[in-house]
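Each reported figure results from applying straightforward, stated rules to the coordinates on display, with no laboratory input. What you are looking at is a predicted structure, and each value in this text was computed from that prediction instead of being measured. No Cβ is skipped: glycine too gets one built from the backbone with ideal geometry, and neighbour counts run over all protein chains shown.
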Amino acid sequence: MHALEIDRVTVRFRDGEGWTNALTDVSLDLAPGEFLAVTGPSGSGKSTLLAVAGMLLTPTEGTVRLAGRDVTEADAKTRTDLRRGGIGFVFQQPHLLASLTALEQLLMVARLDGDRSKEAEQHARDLLAQIGLGPVLHKRPSQLSGGQQQRVGIARALMGDPKLLLVDEPTSALDHERGVAIIDLLRTLTEERGLGTLVVTHDLGTLGPNDEVVRLVDGKLAMPEAAH
């Protein structure tokens, strides 16, 4: 069963007196353990694709399935519940709260769901340890490097044990070395946790030679290409 299936999706917006397609007849799927990077110029539809995959935007045409379930026309509550339990989001900026430690950033996710258990705290500690932040779990964002802050954001996205990870330009604020390290981490987590991971990026230089890459141009999906 695929973590994500996008089948012949078109997204159309009103543009003055006419219409503009942000996506046109786009199809892709992600299996558990699959890492897929999407690249393309600004305005090519990458952000729209992530919004459709994350059920933040309903396509004009086509079908979206999560773990085999058709969610294209799901109501607002169902979308919220599915995002909370099945999707992890990693943003261009980690948007950490300045007053909270790395551990508290993760615990906040659990507490928003009403979970204040010791098991939730142990889960957060384990996630931070898995991504190499065990020694700094009690530090606040101002005490962390940019790469460490992004890792906290990744760990936070995994608190709900999602099956689908949607990642928006995770290396844009990092130097090349730290960017490569973040992509390596995402790839490793994808394999170890059986995630379907969709990464939008301009930075092909951080990808590995065996990574699967597709390109969006004017809202249309080009043939897969290899990272260089």
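If each of Asn210 and Glu119 carries a label point 7 Å out from its Cα toward its Cβ, how far apart are those two points in nm? Computed distance between label sites Asn210 and Glu119 equals 3.6 nm. Measuring between alpha carbons in the structure, the pairs from Lys46/Lys77; Lys46/Lys118; Lys46/Lys139 lying more than 29 angstrom apart are Lys46/Lys118; Lys46/Lys139. Relative contact order of the chain: 29 percent, from C-alpha pairs under 8 Å at least 6 residues apart in sequence. Mean-square fluctuations from a GNM of the chain, with a 10 angstrom spring cutoff on Cα atoms, peak among Gly54, Gly85, Gly16 at Gly16. Going from the residue with the fewest nearby Cβ atoms within 10 Å to the one with the most, Leu30, Leu50 rank Leu50, Leu30. Under a Gaussian network description of the chain, with springs only between Cα atoms under 10 Å, the residue in Leu107, Leu166, Leu28 that fluctuates furthest is Leu28. Ranked from largest, the principal axis spans of the Cα set of region 109-228 equal 47, 28, 25 Å.
Of the GluC sites (Glu not before Pro) found in region 155-214, not one falls in a DSSP loop while having at most 11 other beta-carbon atoms within 10 Å. Computed from point charges on the beta carbon alone (+1 for Lys and Arg, -1 for Asp and Glu), the dipole magnitude for region 4-226 about its Cα centre is near 700 Debye.
Say a paramagnetic label sat at a point 7 Å from the Cα of Arg84, along Cα to Cβ; which residues of region 105-129 have their backbone N under 18 Å from it? Under 18 Å, as judged by backbone N against the label point of Arg84, lie 106-117, 120-121 of region 105-129. Extension gain, Arg8 to Ala76: 0.36 nm times the residue separation minus the Cα-Cα distance gives 22.2 nm. Among Gln150, Gln122, Gln92, the residue with the largest mean-square fluctuation in a Gaussian network model of the chain, with springs joining Cα atoms closer than 10 Å, is Gln122.
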